[in-house]
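Participant: This is the structure I have questions about; it appears just below.
The values are calculated or read from the model by the stated rules, or taken from the named source; none is laboratory data. In this text, all values refer to a predicted model and were calculated from it rather than measured experimentally. Note that each Cβ is placed from the backbone with ideal geometry, even for glycine, and that neighbours are counted across all protein chains shown. Surface areas here come from the heavy atoms of the whole protein model, side chains and all, with no ligands, DNA or RNA. Shrake-Rupley method; radii C 1.70, N 1.55, O 1.52, S 1.80 Å.
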Amino acid sequence: MASTRLPDYAPDWAFFLDVDGTLIEIADHPNAVNPTPRMKAIITHLRLTTDGAVALVSGRAIAELDSLFMPLTGLPAAGLHGLERRDAKGRIHFETSAESPLDDAKQVLRDFTKLNAGILLEDKGTTVALHYRNAPSLESAAHAKMHEVLCRIGEDFELTSGKMVVELKPSGRHKGHAVEEFMEEPPFHGRTPVFIGDDITDEDGFRVANSMHGYSIRVGETIDSAARYCIPDVEAVLSWLEHYHSHHWR
Ligand SMILES: [Mg+2]
């Protein structure tokens, strides 16, 4: 059972933060989210307090995170669930993948969305997602179509599910790998990882944080989660992070 009492603040933390559903509210369309100046100020302050040990760990592409977090660009970040990673020095690490089978998959999925109103196709380049938030009754149809496509393009790919979304991605990389890599490098190395996320794809991050004697915090529902702590919603996350900064260590 996850604890609702969050850990006592300590000065040596490194933060790994999911974005959608954790720092910003989920919207009907991935492009419709609205990052607030307050949230960006919190990230800036956290970076100052932790010597820069704050990384975004998202299913979005890094380029998309940059435009979302403007004017904060170049933040350490893992995009596409860990397939791409930008370290604290700004170097990009990228998992190369076979693009061509995915091109075929995208066409099949595009045809599928034309026939199923309300389902949204999100093409992130290296991965592709079907969102059914606006057509919840089509959940099983969306999953079935993705399974069909996965069978067609083979074992180098896998499906990952989230809130009202199913995504096809190259297999073998997840958010937890990105956390492990950040933790080997400054300014993260030697700190205690604190991973906050809200969805199934965050579970790998929770497990890695746990294995490093860090803290795993899930936003909202914690049934079947590896997270050891839970926090009710985005507002609570922002307040908690705000207090971390205002808690005076010095
Ligand atoms: Mg999320």
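Participant: Extending each Cα 7 Å along its Cβ direction at residue 143 and residue 67, get the distance between those two points in nm, one decimal.
Facilitator: Between residue 143 and residue 67, the simple spin-label model gives 3.2 nm.
Participant: Across the range 66-142, what fraction of all alpha-carbon pairs, as a whole percent, falls in each successive 10 Å bin from zero upward?
Facilitator: Reading the bins upward from 0: 17, 35, 30, 18, 1.
Participant: Karplus couplings for the range 154-167 from phi (6.51 cos²θ - 1.76 cosθ + 1.60, θ = phi - 60°), rounded to Hz, Gly and Pro as x?
Facilitator: Result, rounded to whole Hz: x, 7, 7, 10, 8, 9, 10, 10, x, 6, 6, 8, 10, 10.
Participant: Using 7 Å Cα-to-Cβ label points, what is the residue 45/residue 100 separation (nm, one decimal)?
Facilitator: Computed distance between label sites residue 45 and residue 100 equals 5.3 nm.
Participant: D for the chain, whole µm²/s, Stokes-Einstein with Kirkwood Rh over alpha-carbon pairs at 25 °C and 0.890 mPa s: what number?
Facilitator: 132
Participant: Show that you can apply the helix-only estimate: for the chain, add -39,500 (n - 2.57) for every DSSP H stretch of four or more residues, divide by all residues, and state [θ] at 222 nm to the nearest 500.
Facilitator: -10000 deg cm²/dmol
Participant: Here's something else I'd like to know. Whole-Hz ³J(HN,Hα) for each residue in the range 55-62, computed from phi via Karplus 6.51 cos²θ - 1.76 cosθ + 1.60 with θ = phi - 60°, x for glycine and proline: what do you get?
Facilitator: Values, residue by residue: 10, 8, 10, 10, x, 6, 6, 4 Hz.
Participant: Give me the extension gain from residue 156 to residue 239: residue separation times 0.36 nm, minus the current Cα-Cα distance, reported in nm with one decimal.
Facilitator: So the chain would gain 25.8 nm between residue 156 and residue 239.
Participant: Which GluC sites (Glu not before Pro) from the range 112-191 combine a DSSP loop assignment with at most 11 other Cβ atoms within 10 Å?
Facilitator: Hits after loop and neighbour filter: 155, 184.
Participant: With every protein chain left in place, what is the accessible area per residue of the chain in square angstrom, probe 1.4 Å?
Facilitator: Normalised by residue count, the accessible surface of the chain is 45 Å².
Participant: Let me ask another. Taking 7 Å along the Cα-to-C-beta vector as the label spot, tell me the residue 1-residue 221 distance in nanometres, rounded to one decimal.
Facilitator: 2.0
Participant: Within 13 Å, Cβ to Cβ, of residue 136, how many net charges do the neighbouring residues add up to if Lys/Arg are +1 and Asp/Glu are -1?
Facilitator: Charge balance near residue 136 sits at 0.
Participant: What does the charge count around residue 15 come to, taking other residues whose C-beta lies under 10 Å from its C-beta (Lys +1, Arg +1, Asp -1, Glu -1)?
Facilitator: Surrounding charge for residue 15 is +2.
Participant: Output wanted: per-residue J couplings in Hz (rounded whole) for the range 89-95, from phi through Karplus 6.51 cos²θ - 1.76 cosθ + 1.60, θ = phi - 60°, x for Gly and Pro.
Facilitator: Using θ = phi - 60°, the values come out as 8, x, 6, 9, 10, 9, 7 Hz.
Participant: In whole percent, and with a 1.4 Å probe on the protein chains, what portion of the accessible area of the chain is carbon and sulfur?
Facilitator: 52
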